[in-house]
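The values are calculated or read from the model by the stated rules, or taken from the named source; none is laboratory data. Please read these numbers as outputs of a predicted model, since none were measured by experiment. Here the Cβ positions follow ideal geometry from the backbone for every residue, glycine too, while neighbour counts run over all protein chains shown. Keep in mind that these areas ignore ligands, DNA and RNA; they rest on the heavy atoms of the full protein, side chains included. Shrake-Rupley method; radii C 1.70, N 1.55, O 1.52, S 1.80 Å.
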Amino acid sequence: MSTVLVLNSGSSSLKYQLVNPASGEALAVGLVEKIGEPVGVLTHEVGDDETTRELPIPDHGEALRLVLGLFDEVGPSLDEAGIVAVGHRVVHGGTAYSHPTVVDDDVEAGIAALAPLAPLHNPANATGIKVARELLDVPHVAVFDTAFFATLPEAAYTYAIDAAVAKAHQIRRYGFHGTSHEYVSQRVSEVLGRQDLRQIVLHLGNGASASAVASGVAVDTSMGLTPLEGLVMGTRSGDLDPAIVFHLRRVAGLDVDEIDNLLNKQSGLKGIAGRNDMREVRSAADDGDPAALLALAVYRHRLVKYVGAYAAVLGGLDVLTFTAGVGENSAPLRQEVVDALGFLGLAVDPEKNAVRSKEPRVISPDGHEGPLVMVVPTNEELAIARLSVAAIS
Ligand code: AMP
């Protein structure tokens, strides 16, 4: 057996999974939270067994040392599991990194240098890589959330602003959730046995994004320079008139950090309905809460607009796929969105739509002649593990 340790380092957290890329099995799953706070929390799960530790965890180096200690203590042993690589989720690859990349000192510095494009994420990702390279003597591979969108045509990635300003500050559409969009669109092709498909993938989690994929190549996506653009999300606004930012500054008197916080953390479902969790919004809407009903209506309206726009970009549509927490689990949302898109020939079978499963599946009626609707559970950790193995082979 060979396995990959997949690491996702946040500013105060470290998520990990030990994955068998061949079988897709996760041998261990864990999370270190509250790094740098007075008391940190480490949770390590192996099958149904969960080990929890609460203690001060000053930095990411100490977090990873504790995690490795738990692998030794409660297993599985990394040596016996045949660890061949560490795969690191890195949010921003800029224009420099368009493929999974084996990390050396230059790549590590390159990722840190992209901090201006992803100030919250890349410094943490770079720290995670640094400490992991010190502690684990196997190849390390950086897998970039932007990479799948390196193929976007110039017309799709260019913002219509002063070209010199855009160039000087690397302002363009990069796109995010790329590992998920790539994995899901490939699974669709595998399941249907066809590569030449015009696909739209809706990744609807707490963050949400849409992509248009033609024959396996990404041609448009809704997130932009940052993950703020596009769909309505749990706490992010998605698309808005950029002049709202000036208005908030000049008329409402907010400073830039306050506006950043408002649009990224206090908007989206949370902004409209006071809750960012779709289950809570749905249940409040079912109870007739007007704000929750409005939040759902705005969320759906944006989705319908994007699917229509991307069907136009693709010159037609063969498959619409739902993935991530909301996309995989909310049958009512899928039904409502597809009902609004009936003019494109889309339809769902209510019984198939109601099935809960971890398997990819078509939810259009049997024998349906129009474009298909699918649900494909995403698995970014498995995708990172497989991309890491491919990068070192
Ligand atoms: P993710 O970021 O992919 O983990 O997705 C998180 C989102 O999925 C949250 O907004 C959850 O409310 C939502 N979610 C999870 N399960 C369900 C469900 N059964 N129905 C609706 N939304 C769900």
Each residue of the range 374-384 in order: what ³J(HN,Hα) in whole Hz does its phi give by Karplus 6.51 cos²θ - 1.76 cosθ + 1.60, θ = phi - 60°, with x for Gly and Pro?
-> 10, 10, 10, x, 7, 8, 5, 5, 5, 4, 5
Candidate residues Phe322, Phe148: accessible-area rank, largest first, probe 1.4 Å | Phe148, Phe322
Theoretical ellipticity at 222 nm over the chain - DSSP helices of four or more residues, -39500 (n - 2.57) apiece, nearest 500 | -11500 deg cm²/dmol
So for the range 27-123, using the alpha carbon gyration tensor with a ≥ b ≥ c as root eigenvalues (a/c under 1.5 gives rounded; past that, a/b versus b/c decides prolate or oblate), I'd call it oblate
Can you list the trypsin sites (Lys or Arg not before Pro) in the range 183-215 that are in a DSSP coil and have 15 or fewer other beta carbons within 10 angstrom?
-> Arg194
For the range 212-229, just list the computed ³J(HN,Hα) in residue order, Karplus coefficients 6.51, -1.76 and 1.60, θ = phi - 60°, integers in Hz, with x standing in for Gly and Pro.
-> 10, 10, 10, 6, x, 10, 6, 10, 6, 7, 8, 7, x, 4, 9, x, 7, 7
In Hz, Karplus ³J(HN,Hα) per residue of the range 321-327 (6.51, -1.76, 1.60; θ = phi - 60°; x = Gly, Pro) = 10, 9, 8, 6, x, 6, x
List the pair-distance distribution P(r) of the range 121-263, using every Cα-Cα distance, as the percent of pairs falling in each 10 Å bin from 0 up to the bin containing the longest distance, rounded to whole percents.
-> 10, 30, 33, 20, 6, 1
Can you tell me the accessible area per residue over the range 315-393, all protein chains present, probe 1.4 angstrom, in square angstrom?
-> 43 Å²
Can you pull the percent of the chain's accessible area that's carbon plus sulfur, 1.4 Å probe, other chains left in place?
-> 52 percent
When DSSP assigns beta bridges and you keep just the ones with both residues in the chain, what percent turn out antiparallel, to the nearest 5?
-> 65 percent
Whole-angstrom Cα spans of the range 246-313 along principal axes, big to small = 37, 36, 17
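Which of the GluC sites (Glu not before Pro) across the range 62-124 are loop residues per DSSP, with 13 or fewer other Cβ within 10 Å?
Glu80
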Amide H neighbours of Met374 at under 5 Å, excluding residues fewer than 5 places away on the same chain, with H built from the backbone geometry, are Leu320, Thr321, Phe322, Ile363
Alpha-carbon Rg/Rh ratio, for the range 131-202, with Rh computed the Kirkwood way | 1.12
Selected from Pro227, Pro56, Pro21 as most flexible by GNM, with the chain as the system and alpha-carbon contacts under 10 Å = Pro56
For Thr378, tell me the accessible area in Å² from a 1.4 Å probe, rounded to the nearest 10.
-> 30 Å²
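Excluding same-chain pairs closer than 8 in sequence, count the lysine pairs in the chain whose Cα atoms lie under 23 Å apart.
Values: Lys15/Lys34; Lys15/Lys130; Lys15/Lys265; Lys15/Lys358; Lys34/Lys130; Lys34/Lys265; Lys270/Lys305.
Number of lysine pairs found: 7.
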Could you state the accessible area per residue of the range 1-149 in Å², with a 1.4 Å probe and every protein chain left in place?
-> 43 Å²
Out of Leu42, Leu320, Leu136, a Gaussian network model of the chain with alpha-carbon springs under 10 Å gives the largest mean-square fluctuation to Leu136
Build a GNM of the chain with springs between Cα atoms under 10 Å: which of Ser209, Ser357, Ser12 gets the top mean-square fluctuation?
-> Ser357
Taking a quarter of the surface of the Cα convex hull of the chain, what do you get in nm²?
-> 20.9 nm²
Sites matching GluC sites (Glu not before Pro) across the range 304-383 that sit in DSSP coil, with at most 11 neighbouring C-beta atoms within 10 Å | Glu369
